1. Give me the base-10 log of I(q)/I(0) for segment 15-86 at each q in 0.17, 0.18 Å⁻¹, Debye formula, one uniform scatterer per Cα, rounded to two decimals.
2. Summarise the accessible area of segment 15-86 (1.4 Å probe, protein heavy atoms) by the percent that is carbon and sulfur.
3. For segment 82-94, in order, what is each residue's ³J(HN,Hα) by Karplus, 6.51 cos²θ - 1.76 cosθ + 1.60 with θ = phi - 60°, in whole Hz (x at glycine and Pro)?
4. With r defined as the distance between the Cβ atoms of Ser92 and Gln70 and R0 fixed at 30 Å, what FRET efficiency is calculated, to the nearest 0.05?
5. Sum up the charges of everything whose Cβ sits under 14 Å from the Cβ of Cys64, counting Lys and Arg as +1 and Asp and Glu as -1, but leave Cys64 out.
6. Through the Karplus equation 6.51 cos²θ - 1.76 cosθ + 1.60, θ set to phi - 60°, convert the phi angles of segment 27-32 into ³J(HN,Hα) values in whole Hz; use x for Gly and Pro.
Amino acid sequence: QSFKLLGFLDVKSVPCARESVLYGSLGSLVVGLGHFLATSRVRRSCDFAVGGFICTMLGYWFYCRYNLAQRRIRQRMLKEGMRNKILFEGTSLDPGRKETGNERSDS
C-alpha cells in the first residue's frame, strides 16, 4: 500500500521522496528546536521549523535526484560499452585486439 504526501506525492514509488521527507523532518526538528532554545519564542520557532523542513527537503531532493541522474547516465554508458564490446570482439574494430605482423597492412 502506498503513502501519498499532500495527496499527490507517492512516497513509496517516487525515487528520493522517502529520504527527502525523512531528512526534511530531521531538519525541521533541528532548526525549530535550535531556534526555540536560542530565543524561547514558540510561534517563531514553529515558523522556522516549517522553513527548515522545506529547505532541507528540497535541498536533499535535488541532491538525490542529481546523483540518481548521474548513476543512470553511468549505467547507460556501461551498458552501451558492454554491448559494443560483445559486438566488436574479435573483429578489426576491436580496440583491445593486438595486431600481429601477419594481420598488419602496410599501406
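1. -0.66, -0.70
2. On the way: 3630 of 5570 Å².
Carbon and sulfur: 65 percent of the exposed surface of segment 15-86.
3. My calculation for segment 82-94 gives 5, 5, 5, 4, 5, 5, 9, 5, x, 9, 6, 8, 6 Hz in order.
4. Values: r = 34 Å, r/R0 = 1.14.
Given R0 = 30 Å and the Cβ-Cβ separation, E is 0.30.
5. Values: positive: Arg18, Arg65, Arg71, Arg72; negative: Glu19.
Residues near Cys64 contribute +3 overall.
6. 3J(HN,Hα) across segment 27-32, in whole Hz: x, 4, 4, 5, 5, x.
The values are calculated or read from the model by the stated rules, or taken from the named source; none is laboratory data. Everything numeric in this text was worked out from a predicted model, so none of it was measured. A quick note on method: Cβ atoms are made from the backbone with ideal geometry, for glycine too, and the neighbour counts reach across all protein chains shown. Accessible surface is based on the protein model in full, side chains and every heavy atom, while ligands, DNA and RNA are left aside. Shrake-Rupley method; radii C 1.70, N 1.55, O 1.52, S 1.80 Å.
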